[in-house]
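Trainee: Have a look at the structure that comes next, please.
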Ligand code: EPU
């Protein structure tokens with residue numbers, strides 16, 4: 001297994017190209033099922049989760065070819081409607097196959113994802129929303145077995161804001177008879193990107209990017225000739241902007257969208273960074289001290305939970321005490337114990353982290369527990385004195401493309417080595 005060795009203490013300067021958004025690419029790849037034919041996708045990130053999604057599509061009988069800048073997926077044939085445990089276990093987003101398979105095949109068998117490092121993560125809202133459209137489910141042997149004779153539009157209000165839950169119901173509603181209204185829907189830019197993709201296939205969705213979506217069902221969908229470019233990854237961009245901030249450097253992210261990043265940029269500004277932006281780029285520089293701030297994670301347009309761990313690393317070096325409240329997931333402070341090993345002073349009480357800033361962190365051997373925790377530890381390592389070794393890199397490869405090359409390009413000293421080897 002690989003590990004990452006980070007020599008800290010160098011201010012990072014330069015430009016990083018932003019990848020396509022993981023959390024837009026995964027639902028869009030799976031959404032190709034609802035329109036038989038050959039799809040073309042551009043700006044697909046080269047990530048383990050994308051490869052897992054292509055494996056899932058392969059298991060269903062679809063094929064893919066080409067590279068990530070112009071990926072072709074042929075969904076003319078869907079021969080199976082099962083997302084098996086071995087794939088769902090590796091990647092929870094496989095549960096996104098439920099809605100599209102029900103819409104395409106009238107049946108679906110999808111393994112229950114179970115919990116993960118950041119929380120219990122149930123899928124009750126996915127099932128309730130699909131039931132409102134006429135689907136029936138039974139749970140047996142760790143699987144959800146779903147069937148539907150005819151999808152019918154309905155009004156449905158989510159009890160909690162759920163990103164993949166909204167996406168699952170949306171992907172079925174586009175082929176339902178009649179109109180569907182989804183209230184308390186997720187408004188994340190990635191949900192909006194999925195809706196734009198579905199509209200490019202002939203779907204009639206309005207209100208994407210707001211809490212209320214209206215979907216007029218159509219009888220069939222068809223892939224267009226042109227390639228659909230996946231949205232830029234706001235979380236990857238945000239992570240590199242924090243790399244500029246935490247090292248006292250100046251980093252520009254090309255391809256980033258300041259509007260999608262607004263809550264993160266507001267927080268970085270309040271923490272003492274200088275933010276500038278233009279069409280298709282955002283830049284973050286810091287010369288003065290890091291200021292303590294209070295953050296609370298919220299569904300979009302609130303502060304994203306996927307940037308919480310990275311901000312905690314930054315605030316660990318602030319002048320003063322910050323408060324970070326995690327309201328989306330119940331167990332998303334696993335990075336804190338590892339940051340302690342690097343000299344951070346953070347108290348966690350339930351969903352509140354009180355971050356007492358220290359003037360310096362020290363390199364240490366640390367272990368990643370999930371994707372964004374990995375990013376947090378790398379950021380801490382970039383600012384720390386000495387060398388940090390990050391173990392369990394597989395989490396990172398699920399969500400960050402060419403991380404060492406991108407960090408190296410802005411002056412970081414980071415290298416990947418096989419775990420167990422000193423070099
Ligand atoms: N929830 C329910 N019932 C449901 C669904 C969700 O109670 O049926 C709860 C969850 O337990 C959680 C909250 O609702 O407390 C929000 O979870 P959500 O469903 O929005 O999360 P998700 O769709 O499983 C996506 C991203 C996550 C990101 C969250 C929140 C993808 C593939 N994953 O997960 O991304 O943290 O939304 O924005 O889109 C990551 O990229 O590192 C990552 C974890």
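The values are calculated or read from the model by the stated rules, or taken from the named source; none is laboratory data. Since the structure is predicted, the reported quantities are computational estimates derived from the model, not experimental observations. Cβ placement follows ideal geometry from the backbone for every residue including glycine, while neighbour counts extend to all protein chains displayed.
Trainee: When you go through 227, 260, 245 one by one, which is the residue that is surrounded by fewer than 21 Cβ atoms within 10 Å (Cβ to Cβ) and more than 12 Å from residue 19 (Cα to Cα)?
Mentor: When all the criteria are applied, what remains is 227.
Trainee: Just wondering, is there one or more residues in region 208-222 that are in a loop (DSSP other than H, G, I, E, B), under 21 Å from residue 110 (Cα atoms), at pLDDT 95 or above and within 16 Å of the ligand (Cβ to nearest atom)?
Mentor: no
Trainee: I've got another one for you. Tell me which residues, restricted to region 181-202, are crowded, with 17+ Cβ neighbours inside 10 Å, closer than 15 Å to residue 35 by Cβ and in contact (Cβ under 8 Å) with a residue 60 or more places away in the chain.
Mentor: 194, 197, 198, 201
Trainee: Would it be correct to say that residue 359 is surrounded by fewer than 24 Cβ atoms within 10 Å (Cβ to Cβ), within 21 Å of residue 382 (Cβ to Cβ) and free of Cβ contacts under 8 Å to residues at least 24 places away in the same chain?
Mentor: Here the answer is no, as residue 359 does not meet what is asked.
Trainee: Restricting to region 56-88, give me the number of residues that are surrounded by 15 or more Cβ atoms within 10 Å (Cβ to Cβ) and either assigned to a helix (DSSP H, G or I) or within 16 Å of the ligand (Cβ to nearest atom) (or both).
Mentor: 8
Trainee: Please work out which residue is farthest from the ligand (Cβ to nearest atom), limiting yourself to region 166-180 and to residues that are under 14 Å from residue 218 (Cβ atoms) and crowded, with 21+ Cβ neighbours inside 10 Å.
Mentor: The residue in question is 175.
Trainee: Here is a follow-up. Being modelled with pLDDT of 95 or more, touching a helix residue (DSSP H, G or I) at 6+ places or on another chain (Cβ under 7 Å), away from the ligand (no atom under 16 Å from the Cβ) and not in a helix (DSSP H, G or I) narrows it down to one residue among 295, 275; which is it?
Mentor: Checking each option against the conditions leaves just 275.
Trainee: Regarding residue 198, is this residue farther than 18 Å from residue 16 by Cα and touching a helix residue (DSSP H, G or I) at 6+ places or on another chain (Cβ under 9 Å)?
Mentor: Yes.
Trainee: Now a separate question. Could you please find all residues in region 12-45 being under 16 Å from residue 406 (Cβ atoms), touching a strand residue (DSSP E or B) at 6+ places or on another chain (Cβ under 8 Å) and either within 16 Å of the ligand (Cβ to nearest atom) or part of a loop (DSSP other than H, G, I, E, B) (or both)?
Mentor: 12, 18, 19, 20, 21, 43, 45
Trainee: If I go through region 342-351 residue by residue, how many of them are more than 22 Å from residue 241 (Cβ to Cβ) and either out of contact with any strand residue (DSSP E or B) (no Cβ under 6 Å at 6 or more places or on another chain) or within 16 Å of the ligand (Cβ to nearest atom) (or both)?
Mentor: Counting residues in region 342-351 that are more than 22 Å from residue 241 (Cβ to Cβ) and either out of contact with any strand residue (DSSP E or B) (no Cβ under 6 Å at 6 or more places or on another chain) or within 16 Å of the ligand (Cβ to nearest atom) (or both) gives 4.
Trainee: State all residues of region 365-390 that are modelled with pLDDT under 95, within 16 Å of the ligand (Cβ to nearest atom) and either crowded, with 24+ Cβ neighbours inside 10 Å or farther than 14 Å from residue 332 by Cα (or both); if no residue qualifies, say none.
Mentor: Matches in region 365-390: 368 only.
Trainee: Further, regarding this structure: Would you mind stating whether residue 129 is touching a helix residue (DSSP H, G or I) at 6+ places or on another chain (Cβ under 8 Å), part of a loop (DSSP other than H, G, I, E, B) and either modelled with pLDDT under 95 or within 13 Å of the ligand (Cβ to nearest atom) (or both)?
Mentor: Taking the combined requirement at face value, the residue does not satisfy it.
Trainee: Would you point out the residue of region 304-323, among those that are without any contact (Cβ under 8 Å) to a residue 40 or more places away in the chain and more than 24 Å from the chain's Cα centre (by Cα), that is nearest to the ligand (Cβ to nearest atom)?
Mentor: Step by step, filter region 304-323, then rank; the result is 322.
Trainee: Also, quick follow-up: Looking at residue 351, is it modelled with pLDDT under 95 and surrounded by fewer than 23 Cβ atoms within 10 Å (Cβ to Cβ)?
Mentor: no
Trainee: Of the residues that sit in region 89-106 and are within 13 Å of residue 169 (Cβ to Cβ) and more than 16 Å from the chain's Cα centre (by Cα), which one is surrounded by the fewest Cβ atoms within 10 Å (Cβ to Cβ)?
Mentor: Among residues in region 89-106 that are within 13 Å of residue 169 (Cβ to Cβ) and more than 16 Å from the chain's Cα centre (by Cα), the one surrounded by the fewest Cβ atoms within 10 Å (Cβ to Cβ) is 103.
Trainee: While we're on this one: For region 324-339, which positions are touching a strand residue (DSSP E or B) at 6+ places or on another chain (Cβ under 7 Å) and either within 16 Å of residue 263 (Cα to Cα) or more than 15 Å from the ligand (Cβ to nearest atom) (or both)?
Mentor: 324, 325, 326, 327, 328, 336, 338, 339
Trainee: Looking at region 138-165, which of the residues that are within 12 Å of the ligand (Cβ to nearest atom) and crowded, with 16+ Cβ neighbours inside 10 Å is farthest from residue 297 (Cα to Cα)?
Mentor: Once the filter is applied, the top-ranked residue is 144.
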